[in-house]
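Colleague: Please find one structure pasted underneath; my questions will follow.
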Amino acid sequence: MTQTERDALIEAALTHVPFEGMNDRAIRSGARDIGISDDMARVHFPEGGAGLAAAYHRRGDAALRAELEANPPQGRFRDRVAEAVWRRLQLAEPELVRAGAATLALPQNAALAARLVWETADVIWTALGDSSDDVNWYSKRATLSAVISASVLFWLGDESEGHAETRDFIDRRIDGVMRFEQIKGSLRKLPGAQALTGLAFGWIKAPRSRDLPGKSSNY
């Protein structure tokens, strides 16, 4: 089993997703297209459609990481975050995202869906130079995950030219995140706040691998 073969299967299966959905049927159809047996297809994607959805999502995250490294966003920090979220949407196909969302919305896939959005938030924060190593590592990714999830839903229903309304929506949501960060910063300046924060959250550290617990390379 090679990564090249798995990548080829992903490409082939995704061509069937608009007709079959993000599921085992698309995977089997893609496997037949490139001469892979159903058994080998299950080896590549034992989780079925959820695994295919995760692979498609992570391929977009990898492309975003490369894009942000090659062409970092410019301007104010809030503009750089908004631009990164916008670029991530530009790397996705709405029809494939809808199909993937339908699969990931199933109760058994809820944890995976949350983890994938978190991973996207981590790609963005890391690319923009976040060096936090405490509870802020989690709070930044949690707040941005909420922005990403809301932005994807808005984008899927946006019929404006060039998805201009989605870009405005992202800007508004990022403004909200920045205000939250400013409030946190102000609260830290209150007398005794640093000591209280240390007692309450000082034990919380960012994971060394920067991966969510439970992540696997095939899922």
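Colleague: Suppose we keep only residues that are in a helix (DSSP H, G or I) and touching a Ser or Thr at 6+ places or on another chain (Cβ under 8 Å) within segment 144-171. Which one would you say is surrounded by the fewest Cβ atoms within 10 Å (Cβ to Cβ)?
Modeller: Checked segment 144-171; the qualifying residue surrounded by the fewest Cβ atoms within 10 Å (Cβ to Cβ) is 154.
Colleague: Find all pairs meeting these conditions: Cβ atoms under 6 angstrom apart; at least six residues apart or on different chains; first residue within segment 149-172 and more than 18 Å from residue 116 (Cα to Cα); second residue surrounded by fewer than 16 Cβ atoms within 10 Å (Cβ to Cβ) and at pLDDT 95 or above.
Modeller: Pairs found: 158/165.
Colleague: I would also like to ask the following. Quick check on this structure: which one of 91, 52 is buried (at least 17 other Cβ atoms within 10 Å of the Cβ) and within 23 Å of the chain's Cα centre (by Cα)?
Modeller: It is 52.
Colleague: Only one of these is of a type outside the set (Lys, Arg) and modelled with pLDDT under 95: 157, 129. Name it.
Modeller: Answer to the check: 129.
Colleague: Of all residues in segment 61-92, how many are in a helix (DSSP H, G or I), touching a residue at least 12 places away in the same chain (Cβ under 8 Å) and either touching a strand residue (DSSP E or B) at 6+ places or on another chain (Cβ under 9 Å) or not charged (D, E, K, R) (or both)?
Modeller: 10
Colleague: Being buried (at least 19 other Cβ atoms within 10 Å of the Cβ) and either more than 19 Å from residue 98 (Cα to Cα) or at pLDDT 95 or above (or both): is that true of residue 141 here? Spell out how you get there, then give the answer.
Modeller: Numbers: buried (at least 19 other Cβ atoms within 10 Å of the Cβ): yes; either more than 19 Å from residue 98 (Cα to Cα) or at pLDDT 95 or above (or both): yes.
It is true that residue 141 is buried (at least 19 other Cβ atoms within 10 Å of the Cβ) and either more than 19 Å from residue 98 (Cα to Cα) or at pLDDT 95 or above (or both).
Colleague: Of these, 209, 217, which one is assigned to a loop (DSSP other than H, G, I, E, B) and modelled with pLDDT under 50?
Modeller: Result: 217 is the single residue among 209, 217 that is assigned to a loop (DSSP other than H, G, I, E, B) and modelled with pLDDT under 50.
The values are calculated or read from the model by the stated rules, or taken from the named source; none is laboratory data. None of these values were measured; they are calculated from a predicted model. In this analysis, Cβ positions are derived from the backbone assuming ideal geometry, glycine residues included, and neighbour counts consider all displayed protein chains.
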